1. Looking at the range A:1-53, what % of the alpha carbon pairs are farther apart than 14 Å?
2. Could you state the angle between the C-alpha long axis of helix A:241-267 and the longest principal axis of the C-alpha atoms of chain A, as a value from 0 to 90 degrees rounded to the nearest 10?
3. Provide a whole-number value for the mean count of partner chain Cβ atoms within 10 Å of the Cβ atoms in peptide B:204-210.
4. Taking B:K406 as the anchor, which lysines have their alpha carbon closer than 23 Å to its alpha carbon, excluding any fewer than eight residues away along the same chain?
5. As a check on your grasp of the helix formula, calculate [θ] at 222 nm for chain C: sum -39500 (n - 2.57) over DSSP H runs of n ≥ 4, divide by the residue count, round to the nearest 500.
6. Pull up all non-local amide H partners of B:T79: gap of 5 or more, or a different chain, and H-to-H distance under 5 Å with H placed in the peptide plane.
7. So what does the Cα-only Debye profile of the range A:59-267 read at q = 0.15 Å⁻¹, as log10 I(q)/I(0), no solvent term?
8. Given H placed 1.01 Å from N in the peptide plane, which residues other than close sequence neighbours of C:F53 have an amide H under 5 Å from its amide H?
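What follows is calculated from the coordinates using simple rules that are stated; it is not laboratory data. Bear in mind the structure is a predicted one, so any value in this text is a computation, not a measurement. Every residue, glycine as well, gets a Cβ built from its backbone with ideal geometry; the counts of neighbours run over all protein chains shown.
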Amino acid sequence: MTRRPAATIAINLVTWAIVLAVAMPLLWMVVTSLKPQSELFRIPPTLIPSTVTFEHYWRVLTETPFLLYFRNSMILSVTTTAVVVVIGTLGAYSLVRFTYPGRETLAGLVLFTYLLPSVVLIIPLYLLMVSLGLANTIASLVIAYTTFALPYALWLLRSFMAGIPEDLESAALVDGASRIGAFVDIILPQALPGIISTALFTFILSWNEYLYALVLVNSDSVRPLTTGVMNMLIASFNIEWSLLMAASVMMSIPLIVIFAFLQSYLTSGFGAGGVKG
Amino acid sequence: MTERDTAMKMSAGFSRRGVLGGLGLAGVAAAGLAGPLGGRAFAQEAITLRWWSPQSAPLQLAAYKAQIAAFEAAHPNVTVVFEPTSDEGYPAQFAAAFASKQLPHVVTHLPSFAAQTYYAQGLLEPMDAVIEAVGPGNYFPGANDVYKTGDGKFCGTGIGNTAADMLWIRKDLMEKAGIAEIPVTWDELRAACQKMQGGGIYGAPLPYGLNSMTSLIIIGFIHRAGGEIFTPDLEVAIDSQAAADALEFYASMRELCPAGATNYSWGESLTGFVSGATATGIYGGRVLGNVAAQNPGIADFITCATYPRKSADIPAWTFNDFPSIFIPKGVDHLAEAQALAAFLLTPPGYIQQLHAAPGHVLPVLETIAKDPAYLANPIIEKYPAEVELMSVSAASGNNLGFETAKHKPNLKANEIVASNVLAEMVQRTSLNGEDAKVVLGDTAKKLEALMKG
Amino acid sequence: MATTTARAAPAAGGLTLDRRYALLGVLLIAPTVLVFCAVIVYPLVSALYLSLFSIYTPTLQGGFVGLDNYAALLAGGTFWPALANTLIWTAGTLSLQIVFGIALALLLNENILFRSLARSLILFPYFVSTVVAVLVWRWLFNDLYGLANHLLMLGGIIDMPVDWLGRMPNAMLSVIVIGAWKYFPFVVIAVLARLQTIPEQLYEAATIDGAGPVGRFFDVTLPQLREVLAVVILLRAIWDFKEFDLIYLLTGGGPLNHTRTLPLAVYQEAFGLNRMGMASATAVLMMLVMLVFMLAYLRRAARAGAK
């Protein structure tokens, strides 16, 4: 679609202005993590550090179990995302293309998960994990997070798949493809942006969740970043600001990288009908 | 009914195992702890002990690691695992741990009223054996009084003391304003703050937010007006003239505090003073370390005193949350857990731990406070008078669970602070300008309801 | 939308194709159902159960009190104000999230310079952990050394620092805006993804018919977005209603309980006052409120969809 140059410039300016305003706190975090402690609370505050230092990053990496926590978070988030994408995609497909009794009620019931506040769910969930022998393992968190992410996954993917015309599949079936074959070749590519969206949501949820990680997992060997970093650097009488900012910046980097990578999938579309890219 | 029964059966099942384990080792423990550490009498299977604490900043973590290494060297079959918990999250974690009997062996740095409350519910082991092992004479006199329970045992012992509401003040600003003496009474304090306020500097960073700091601080003010929240027998006593005076004074200080004080908690209050934006501060010894790191320019001009009271004849009162050590009931390997707890208080490990938060976590043992190895720390060397004052004030300090030495332990202290009833009282009088007597009447009713449970 | 399955003659001696497909359908949804029954049903039921007792949290022991918890809540003076605050917060932050979410998704769908970078930066509030985000915002809003007041004073817009979090209506407004900042990227991702699959021809057809950009938005984009928006609005509404960390860490419910929402009340009851029974009762009431809205919403969406 062609636009007048003035409109293009205006759009660019407005968008970037909003983006920068939204990302200001990130900028503040980065700037603060590079300041020496003596500059932290200078009045008036400085946006550009007078001295740049990487000591806080170094201290977080060498004096704390940050890398261990990072590894745990990675395993946790990747596993949960894989599980949710697989179960969610299959489940959404089932809800959209198949008929069986109780289908609609099931879709509604699934949303029930979201109605209870976590504070009340947490102890029964923990007791359940203990009885399953899974307390204090990453598996318990994977199960918990899968349950939180699945309803969203089902609903979002259902709405994507519902928008895919049936003729495409019927055509494939007539051509001799099996039901599952049609699924893989027709549905998946069309629903890909929805799948990516779900994957991103699940990854972020598993990466940032705090309360369940706090209660379900206690030992450092399986502790994820959120509780690891928070417990270490935030206490009621003392907050290690510089280390916290450095750790938070490092915690955000994988998410930025993953998003940059997934972005191209999010925005590409396939299939008949042409897509705006 | 079924899920509840299942949950209870699970708990019962686990606790039987715990109790048997405890009984088995009790005999060993009695023999083993006759000497200072009693390492020789332990069973030889591989044992893992879990240690929980909400204070695990990198310097402290390093100190813990050193202590763990030394303990493991002395007890080759024992591995100690340190697991950080959080000041905000520990109630949830503990509820889950007690419910499922997945208990840590040693818990440190939780406030004394947590120890008292859990003990009253039958969830903790008495710590008498550990105190014996450390040596009761080594403590500051009366240091363990806050842990005395109804059945005559100790529910915990201290791992440190913190004098959390000392008056911090800038000598350079005092000089500039022509103030000769550090304020001792409220009138002096108000006058001093007023004189020092100006040019972008405020008088004080008192908290007025709806949070635990406000509740804890106002308790101190009420005591310094000669009042108390409860009588020694735990009857509600807040509806008094003294408390009204305290609230009115606190409200009058509002104009000498920064605009955002309405939402201040510990972090903002500390930083207010450390950054040089306020002339006085109300905090513990962290000020010393933070000033050294964040604002060394004022390091030579800070000093502390006990917080001013309404009049000089009212005794000083210092808030100490009494970071404690306790051992949950039903842990296996009780003897080893007790040995670890006692070990945490022995030098040189204990000294390294204290040096990780110099001036803030103060020794509970008088012997350590006088130990040259402890005193050989740059911060402690630079501010010996301040550290000494804080050590002494903290050792005879109090908190809502233990308002004076005569008070019975208040097991609802935790809940009273968490309910924000006292913080609300401050907000109503200081921010809304309501009449103190009316507000105190309402607060007294709410406290009665909370005490009844 | 009616599902038409290809009709075929029954395989010799076996199930009809329809039945086989139905079975396959059930099989595909089975893992989801299993996960839910195992992980959600037990805690849900246990919450309902606990709400009938007076439970002391650390020991999980207590006595049966029947509906007393509910009676105390509904008659007392803390539930209703908390509900009102929750509704105000949810309505406020949800509207901002949706409006800005759609707006940014549309903008980021255009050919902006360094578009990938812009998209990643927009997502930042959603990825950063809530605890850290709140600490940073409190720092930015600080009256002494915070950037917000500093910049506003530099710009001459104010001459004394503003108390962003300690007085009303500032506190509720700040919380609503920070909530919108934190969660609007969720809306951006979902909408942006859907925008990718809108066929170009629809826009071309509309342009030929003489529609300008606003017309194209309302006639082409919005109808196409409807399904996704229906899901997103419902979910965001539920999650915003339940939001705890953000508000608790920003204002603690203050000043004077004016930003105290139901989730804060539940947490205070469960772990502050150690009354798990009362906390469960509050949670069940919360659930009922959300359920009523959810059902009404779904019914309306179904009716709109059937048109």
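1. Beyond 14 Å sits 63 percent of the P(r) for the range A:1-53.
2. Compared with the principal axis, the helix lies near 20 degrees.
3. 3
4. Of all the lysines, those that pass the test against B:K406 - Cα under 23 Å, at least 8 places apart if same chain - are B:K148, B:K153, B:K310, B:K452.
5. -21500 deg cm²/dmol
6. Hits under the 5 Å cutoff: B:I47, B:T48, B:L49.
7. -1.00
8. When sequence neighbours closer than 5 places are left aside, the close amide H contacts are C:V65.
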